[in-house]
Structures are given as C-alpha cells and as structure tokens.
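Below is one structure; the comments refer to it alone.
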2 protein chains.
Amino acid sequence: MEQANYHHGNLRSSLVSTGIEFLNQKGVAGISLREIARTIGVGHNAPYRHFRNKQQLLEAMAEDGFRRLKARYTRLELEFANDPEGQIFESAMHVISMAADQPNLFQLMFGGHIQPQDCGGNLKLAADDAMQSLVSIIQNGQRLKVFIGGDPMTLALSTMSMIQGLAIMVSSGKLKVQFQTQAKDASWAGRQTLLRAMVLQLFEVFLSGLKENTKTHLKE
Amino acid sequence: MEQANYHHGNLRSSLVSTGIEFLNQKGVAGISLREIARTIGVGHNAPYRHFRNKQQLLEAMAEDGFRRLKARYTRLELEFANDPEGQIFESAMHVISMAADQPNLFQLMFGGHIQPQDCGGNLKLAADDAMQSLVSIIQNGQRLKVFIGGDPMTLALSTMSMIQGLAIMVSSGKLKVQFQTQAKDASWAGRQTLLRAMVLQLFEVFLSGLKENTKTHLKE
DNA sequence: TGATGATGTGGGCAGTGTCCACATGCATGA
DNA sequence: TCATGCATGTGGACACTGCCCACATCATCA
C-alpha cells in the first residue's frame, strides 16, 4: 500500500476510470488531462506515457463503454434465445438505460466525438460487434417467422436507428422530463421500471412494423 | 465599405455566422472565441459584449439551426396538407438531410452540448415548436384514419426518436459509409437522391407500424 | 552488476476563456 | 449645437489547458 511509489502500477486503467468519473460529473467538455492526473496524484505529463493525446484517452473511455455494451449483448442473446422480440427489446432497453444512467458517456460514444475509422481497431471492432449482434437477432427472427422479410442488414440498421434515437432522446433530456416528473424521488430500480414502461410504449410502433403478423394493438 | 470602423455594426450576427462556418469545418471542439474574433477582425473581447460566454454563442448557433428547421417544417405542413404520411416522411428527410449536410451543426443541436432548459426561451421555443408540428401532423393523420390511434404525444415522441436516430446515424458517419460508397463522386442533388432512397428503406419499418391499414410490403 | 527501456517528473510554450479598466463614438436631451 | 451617457470595442492580465522537451527513477535481464 506504499503510495509514494514512483511508478503507479496501472496508471492506464486509472486514467480511464477516473476519466469516466469526470465525464459523468462534468461532461465531455469538462474533461482535462491535467486535472485527471492531479486527482490520481501523478505528474501532468504521466498520461502521455499511455495515450498519444487527449483524444486517445477519450477513445479509450468510449471503448470501455462499448465493451460493456457488447458483453451485455451477448448475454442477452443467450438469455432470450428463441425470443427475437424479447432480444430486440432487451437490447434496446440496455442501450437506453445506459443512456439514462451515464448520459455523458453515451454522448461520448455516439455523439460524434469519436471517429471509429480513425482510431485503434479495438474501438471499431467493439462498435461493429454490437451491430453484428443485431443482424443475427434479426436473421433469427426471420427464420422463426416472427419478423418480416427483407435485407437483414437494412432491418438491423433501421432497428439500430430507432434504438439510438430513443437513447439520444433520453440522454439529452428530451424524454427525461416526463420520465422524471413521475420518478424524481424514486429509487434506481423504480426509475428503471418507469423507464422500461416508457420505452415499451415508444418502441411499440417500430416493433409492430417489424413483426410479421398483423398489428396487435387495436385499442382504437 | 470603410473597414476601419471602430464599431462593427452587426457583430452579433457575424459571430454567429462565422461561428457556424468554423463549426462546419472543425467541429464543436475546434471552436475558439478568440479565433472567431480574429477572423472577423475584432478584438478578442468584443464577443463578450454580445454573449455572456462561449456557451451562449454555441446556443445562438444552435438556435439558428432550430429556426431553419422550424421554418421548413411549417412550409412542409402546408405543402403536404392532407398527406400525413408525406408530411412525416418529408419532415424526416429534412432533418436527416440537414444532418448529412451539416453534421457538426446537427451534433451541436442534438448532441447534448445544449441544455434548452438552461438557456434563453428562444431556443427552447424553437425546439418545442418542431415537436408541436409533429404532434399536429400525427393528430391530422389520426383524423384521416391514416395513422393508428393512441396518445398523439406518445406517437410523436416515438416518431421524433426514429427521425433523430436516423439523423444521428447519418451525422455520425455510421450510415454515410454505404451511402458514400455509391455517391462519392455524385453531385449534391445526386447524393440527395441516394440519401432519400436510403431513408425511404430505413424509415419504412417504422412507418408501416404507424399506419392504420395492414402492411403493404409483403415482398417476402 | 550494469545497461536499457518503460514509466514518471518538472519546466516551458502557445493558445484559450474570462475578468478588468479604459477608449470610442452614436444617440439623446438641454 | 453641444455635452453627456451608454452601448460597443480595445488591450492587458490571469489561471488554465494540451503538448513538447530534457531529465529522473526503477524493474528487468544479459
């Protein structure tokens, strides 16, 4: 526990994690390499031994988010096997609840701060993996005659867009309003339940368009 | 044309417009008050006579975008009267083509850099107006029995999410790839046509879920 | 053991946002 | 007509930032 070590030990991961803390607290614009180094208790130049520049640290932080996203995706794919509708909805819920819990991280990942084609293969791979999961879910749903036919890639992109849209609306606060008015003093689990109910409603239109059978909601 | 004027005349709008130029060229992170002032040919403190801080200039730039968006919305609402499906699609196309033409401005407007509740009423109004247009389009479509029943606000939010999602995918480059591979040497009009075709495909799933009658695409 | 390379250090530079006191000149009222 | 006030523009200053440099430390291994 000797804290006066000249060498920190695992500075790189410390930088990423405290970076994400600052991100959550102060947003992308509020992140400063020097402040991160200061709070870790390390010289203002130490980060440059691990990242070429600030942008690379941001990319590492985003990559961390993508990895968590993907890990959950693959777990969901197994958990909801043979239930493509459930897979799609739970995937959406996962992305959206991440957008609700860590809006700034979400905006870092999808807000254009990061150009996957410019940075290390890891980030691009992590981002592409999420897309690929969606494609295979769609294909599975088509096999089971649950989803409509058509190019799976196109359907996956469409689905991804819908999910992204909901997530952006949540992370940017446009949906939080109504969501919070009911939930301002609820627990995390409570908020999660309300979020799920809201997403269920908002996702229904899209989902009913994706499903093979005729509409189920004829409550008019 | 006397350029040695001590007073610039309409510095405020100059700041906004050259700000948007820089935004288009270098992204949100690349914007510097001092550089803007320098290129306008004005002292580095002049901007502070018109904006309390950098954030307020960004908000003014975003507001400009929202105003253009809304102007087009109301024009579309008249142009496609009695064709709710056309209204919805053209609204979507308009947002998305803005995201394609000025991705950085779009990200400024919707990427969480701006908190409408924190800033001048104008911005919030402009943003809310777009939403209100959508609600009335939906209501109209419900009256004409073109769209499914249900809470118009919920349907509008869902629609907005889908549009936002597609726009974000375009502005962040995730859809540009396929789009550009075909269009890298096309004119603006040509690219616009390709973009429209792509959006038509990707929007179809959602739209078929929104429409009252059973699915039209049974090409399986 | 002694060299080497990965990792951490402080100094320095240009650039930034924002505060301050001061300069300028247009409008307005005596 | 002219003085005056106020909106607007100016330069100086400060703390902060990202990033470059040369140098310090230390684990590893021949």
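Details
- Farthest toward the positive end of the dipole of the protein assembly as shown, out of A:LEU33, B:ASN24, A:GLN107, is the Cα of A:LEU33, where the dipole comes from beta carbon charges about the Cα centre.
- Sorted shortest first, the distances from the B:GLN25 label point to those of the same residue in the other copies are 3.6 nm; each point sits 7 Å from Cα along Cα-to-Cβ.
- Straightening the chain between B:ARG67 and B:LEU200 buys 45.3 nm, computed as 0.36 nm per residue apart minus the Cα-Cα spacing.
- The long axis of helix A:11-26 is offset from the longest Cα principal axis of chain A by roughly 60 degrees.
- DSSP loop trypsin sites (Lys or Arg not before Pro) with at most 15 other Cβ within 10 Å excluded, longest remaining stretch of chain A: A:53-144
- Prolate/oblate/rounded call for the protein assembly as shown, Cα gyration tensor, a/c under 1.5 rounded: oblate
- Cut-off under 5 Å, modelled amide H: who pairs with B:GLY149 long-range: A:GLU220
- Across identical copies of the chain, B:GLY9 has label-point separations of 6.6 nm, listed in ascending order, with the point defined 7 angstrom from Cα along Cα→Cβ.
- Computed from Cα positions, the angle between helix B:121-143 and the longest principal axis of chain B comes to roughly 10 degrees.
- Degrees between helix A:84-101 axis and first principal axis of chain A (Cα, 0 to 90, nearest 10): 40
- Overall form of chain B: prolate. Here a/c, set by the Cα gyration tensor axes a ≥ b ≥ c, is 1.5 or more, and a/b is the larger of a/b and b/c.
- Per residue, the accessible area of chain B comes to 50 Å² when a 1.4 Å probe rolls over the protein heavy atoms.
- What a 1.4 Å probe finds exposed on chain B is 50% carbon and sulfur by accessible area, rounded to a whole percent.
- Copies compared at A:ARG52 - label distances in nm, ascending, label defined 7 Å from Cα in the Cβ direction: 4.0
The values are calculated or read from the model by the stated rules, or taken from the named source; none is laboratory data. Small disclaimer: the values here were computed from a predicted structure and weren't measured. Ideal geometry is used to build each Cβ from the backbone, glycine not excepted, and the neighbour counts take in all protein chains shown. We work out accessible area using only protein heavy atoms, side chains counted, and drop any ligands, DNA or RNA first. Shrake-Rupley method; radii C 1.70, N 1.55, O 1.52, S 1.80 Å.
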